[in-house]
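So the structure is just underneath, and the comments pick up after that.
The values are calculated or read from the model by the stated rules, or taken from the named source; none is laboratory data. Every value quoted in this text rests on a predicted model; they were computed, and no experiment measured them. Methodologically, a virtual Cβ is constructed for each residue, glycine included, from the backbone with ideal geometry; neighbour enumeration extends over all protein chains shown.
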């Protein structure tokens, strides 16, 4: 996790340095007029600094007036599930305000950590925190789960804030969190990698990252062709449940595959033909694939070797083959 700190005065820069020393993976930038004297990196323009670090950093910390931070980030704010967390603290470190992405982005937790470093008070205003209630986005992030329906996530929070119970069910062995009930309720949370299930009248699905895609393709296959084949192979399975992609080492630098994995933000691993051929099990053989790669099946064998049980056999479309394996959660 990376943190970018910006300070606007000498006193603020000294506090920023204290923070940078206390937080791993942190950079600090100060006005050019102070950079040489303080031995810190300068920033040229505030707008440019925010634009650059908005895309690159997980957390942004402004040491100075909150109004400066609000105006600086306003053009960039789009989505609480994607925006970095933003904190603002005064140059004396009295109050550390979690401004943006307090839950999903981890801003609230960072505010508490920063306050402990500078000896100040964390200021957190999210309703579930203020009322000491279960926060589904925070819990899902800690569990490595993906929120399957943002609208229902809001309904769950609103239900809890109104003092009404929210149910919980799972087929993944996850313990029911404090604040929810395993009783049947009108509104509930369902943790499962299986598609289509909805155990409550109104259900918020939370998806574990449990799926491995085994992919084979012709040389220079486009990312778009891979995306189309993967979506059809997954069927009702949710693409957001994928946590890794596997293939043969001949495809280690395949542009379309690399672009697909980058867009999905998942790990890409490859195996040799010998490793794939040694995988035990019954797989869909292809004499043509064997003549080209040295192994009779790439996608199914790669998916299983990467980890998991095969749940979707070889699916072929436009020169792309896809298989799906599922790992146990937890």
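I'm told residue 253 meets every condition in (1) surrounded by fewer than 18 Cβ atoms within 10 Å (Cβ to Cβ); (2) in a helix (DSSP H, G or I); (3) at pLDDT 95 or above except one. Can you identify the failing condition by its number?
(2)
Considering only the range 256-272, I want to know if a residue exists there that is touching a helix residue (DSSP H, G or I) at 6+ places or on another chain (Cβ under 7 Å), surrounded by 15 or more Cβ atoms within 10 Å (Cβ to Cβ) and within 12 Å of residue 242 (Cβ to Cβ).
Among the residues of the range 256-272, at least one is touching a helix residue (DSSP H, G or I) at 6+ places or on another chain (Cβ under 7 Å), surrounded by 15 or more Cβ atoms within 10 Å (Cβ to Cβ) and within 12 Å of residue 242 (Cβ to Cβ), which makes the answer yes.
Could you list, in sequence order, the residues of the range 109-140 that are in contact with a strand residue (DSSP E or B) (Cβ under 6 Å, 6 or more places away or on another chain), in a loop (DSSP other than H, G, I, E, B) and more than 20 Å from residue 17 (Cβ to Cβ)?
Across the range 109-140, the qualifying residue is only 124.
Considering (1) under 27 Å from residue 128 (Cβ atoms); (2) in contact with a helix residue (DSSP H, G or I) (Cβ under 7 Å, 6 or more places away or on another chain), say which one residue 50 fails and leave the rest.
Tallying (1) under 27 Å from residue 128 (Cβ atoms); (2) in contact with a helix residue (DSSP H, G or I) (Cβ under 7 Å, 6 or more places away or on another chain), residue 50 fails exactly one: (1).
Tell me the residue from 167, 148, 196, 179 that is surrounded by fewer than 14 Cβ atoms within 10 Å (Cβ to Cβ) and out of contact with any helix residue (DSSP H, G or I) (no Cβ under 6 Å at 6 or more places or on another chain), please.
Just a single option satisfies the conditions, and that option is 196.
Which members of the range 290-330 meet the condition of being over 28 Å from the mean Cα position of the chain (by Cα), assigned to a loop (DSSP other than H, G, I, E, B) and over 18 Å from residue 256 (Cα atoms)?
If the condition is that a residue be over 28 Å from the mean Cα position of the chain (by Cα), assigned to a loop (DSSP other than H, G, I, E, B) and over 18 Å from residue 256 (Cα atoms), then 294, 295, 296, 297 are the ones that fit.
For (1) free of Cβ contacts under 8 Å to residues at least 40 places away in the same chain; (2) assigned by TED's automatic domain parsing to the domain that holds residue 301; (3) under 22 Å from residue 309 (Cα atoms), each residue gets a yes or a no:
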{"position": "203", "(1), (2), (3)": "no, no, no"}
{"position": "216", "(1), (2), (3)": "no, yes, yes"}
{"position": "222", "(1), (2), (3)": "yes, yes, no"}
{"position": "225", "(1), (2), (3)": "no, yes, no"}
{"position": "228", "(1), (2), (3)": "no, yes, no"}
{"position": "233", "(1), (2), (3)": "no, yes, yes"}
{"position": "239", "(1), (2), (3)": "yes, yes, yes"}
{"position": "244", "(1), (2), (3)": "no, yes, yes"}
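I'm trying to understand the selection: among the residues of the range 180-195, which are in a loop (DSSP other than H, G, I, E, B) and within 23 Å of the chain's Cα centre (by Cα)?
Listed by number, the residues that qualify are 192, 193, 194, 195.
Considering the range 140-187 alone, what residues qualify as being at positive phi and without any contact (Cβ under 8 Å) to a residue 24 or more places away in the chain?
163
Can you find a residue in the range 308-319 that is closer than 30 Å to residue 170 by Cα and at pLDDT below 90?
Checked the range 308-319: at least one residue is closer than 30 Å to residue 170 by Cα and at pLDDT below 90.
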